[in-house]
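Colleague: Before I ask anything, let me first share the structure, which is written out below as structure tokens.
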Amino acid sequence: MGEMTRVLECRDLRKTYGERKAVDGVGFHIDLGETYGLLGPNGAGKTTTISMICGLLTRDSGHVEVVGEVIDVGEIHAKQWIGYVPQDLAIYPDLTAEENLMFFGRLYGLTGKRLKARTDAVLEVTGLADRRQDKTEEYSGGMKRRLNIGIGLLHEPRLLILDEPTVGVDPQSRNAILDSVEHLSGEGMAVLYTTHYMEEAERLCDRVGIIDQGQVKAEGTRRQLVELIGERDRVRVVVEGNIEAAVVAVRSVEGVQEANRSDRRIDILANDARVILPALLRVMADAGASVKGVDVVEPDLEAVFLHLTGKALRD
């Protein structure tokens, strides 16, 4: 790839089924080491979008490139850069985890020592090394999901596409999957992650595209998306001492929009509250107030989604 940092570029993707526009002008990019989230409800167009990106579904129009190579249904070579983990499990239940990986590895063109090394590495990454000889029909739902992800990693793709990988798994397995995704992006892999779980997008994704009715309504970092709707952080401080003087002092701190007293509490509306929190605590102490408790509530993607689409994510 040389000096290339842009892993995925897709523009103006469109797909219709009769009168229904499943995907209507979707476009975004992903760079090396970046996790990009497509956040939206079931039926929003997420799976159709990634199917076109993978070259599994013919698009009506639009353009897709992975590491500078055009992706389309008939293109074979460029697809080597993609690791696709579908929403439905794609494993053989009567084979062991190791046998599944060896089988799919051969489909990727891996052989000999290279295939053995990649199989061992993937079993370690997915936490399945100690169960490698067990048939996957004996696995829990979460273990099957982790093996599904491992198959997508075998050939060391530049772009890993995960289509709602935590659906139907227990909390422990879900956390293990999220930890794995964080590790992969930290090692430089580009990740496209679709989900309808708000907390997953907030935890994993460097940038998020909010998709609904086949359109990306907005995209950006969490902070950028929140700023679209003018939301600010809310800070609630429990204090004793000279509270009135503390309120006046807090209002002088750069980034504070509002500060009001409510009994023994100061309610503050501010930009980047966690950044200016040390300054808030300092000026309150200088004003003769003793801080007994602090609670910072940051606006979340739920509020952004509601603002952009007019409905809650799980409606």
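Colleague: For the chain, what is the mean residue ellipticity at 222 nm derived from helices alone (per DSSP H run of n ≥ 4: -39500 (n - 2.57); sum divided by total residues; nearest 500 deg cm²/dmol)?
Modeller: Values: 10 runs with 108 residues, N = 315.
Taking each H run of at least 4 residues, the total per residue is -10500 deg cm²/dmol.
Colleague: In whole Å, what is the distance between the alpha-carbon centres of segment 271-302 and segment 225-246?
Modeller: Distance between centres, Cα-based: 7 Å.
Colleague: Please go through the residue pairs 15/46; 79/217; 46/217; 79/135; 21/46 and name each one whose alpha carbons sit more than 19 Å apart in this structure.
Modeller: Numbers: 15/46 12 Å; 79/217 28 Å; 46/217 13 Å; 79/135 29 Å; 21/46 13 Å.
Over 19 Å Cα-Cα: 79/217; 79/135.
Colleague: Please figure out what share of the DSSP beta bridges in the chain is antiparallel and state it in percent, rounded to the nearest 5. Each step should come with its number before you reach the end.
Modeller: Working: 42 of 60 bridges.
Given both bridge residues lie in the chain, the antiparallel proportion sits at roughly 70 percent.
Colleague: Compute the orientation-averaged projected area for segment 205-313 from the convex hull of its Cα atoms and round it to one decimal in nm². Let's see the in-between values first.
Modeller: Working: hull surface 30.0 nm².
If I average the Cα hull's projected area over directions, I get 7.5 nm².
Colleague: How large are Rg and Dmax for segment 9-157 when calculated on the C-alpha trace, in angstrom?
Modeller: Rg then Dmax for segment 9-157, in Å: 17.0, 52.
Colleague: Less than 15 Å apart at the alpha-carbon level, and either on another chain or at least 8 residues along: which aspartates and glutamates does that give for residue 144?
Modeller: Qualifying aspartates and glutamates at Cα under 15 Å: 88, 94, 98, 99, 124, 130, 134, 163, 164, 170.
Colleague: State the answer as a single residue: which of 127, 55, 211 lies farthest towards the positive end of the charge dipole of segment 6-227, with beta carbon charges of +1 for Lys and Arg and -1 for Asp and Glu, about the Cα centre.
Modeller: My answer, from the dipole projection, is 55.
Colleague: Using only the Cα atoms of segment 134-181, what do you get for the radius of gyration and for Dmax, in Å?
Modeller: Here Rg and the maximum Cα pair distance are 10.9, 31 Å.
Colleague: Can you give me the long-range amide H partners of residue 38? Hydrogens built in the peptide plane at 1.01 Å from N, cutoff under 5 Å, separation of 5 or more residues or another chain.
Modeller: The answer is 193, 194, 195, 209.
Colleague: Return the single residue from 130, 300, 60 with maximal mean-square fluctuation; model: Gaussian network over the chain, springs between Cα atoms under 10 Å.
Modeller: Highest fluctuation among the options: 130.
Colleague: Quote the convex hull volume per residue of the chain, based on C-alpha atoms, as a whole number of Å³.
Modeller: Details: hull volume 53.9 nm³, N = 315.
Expressed per residue, the convex hull around the Cα atoms of the chain is 171 Å³.
Colleague: Could you give the dipole magnitude of the chain about its Cα centre, charging the beta-carbon of Lys and Arg +1 and that of Asp and Glu -1, in debye to the nearest 20? Show your work: numbers first, answer last.
Modeller: Working: 39 positive and 51 negative charges, 29 e Å.
Using only the charged Cβ atoms, the result is roughly 140 debye.
Read-outs throughout are calculated quantities, based only on the coordinates presented, and are distinct from any laboratory measurement. Everything numeric here is computed off the predicted structure, so don't read it as measured data. Positions of Cβ are generated from backbone atoms using ideal geometry, with glycine treated the same way; all protein chains shown enter the neighbour counts.
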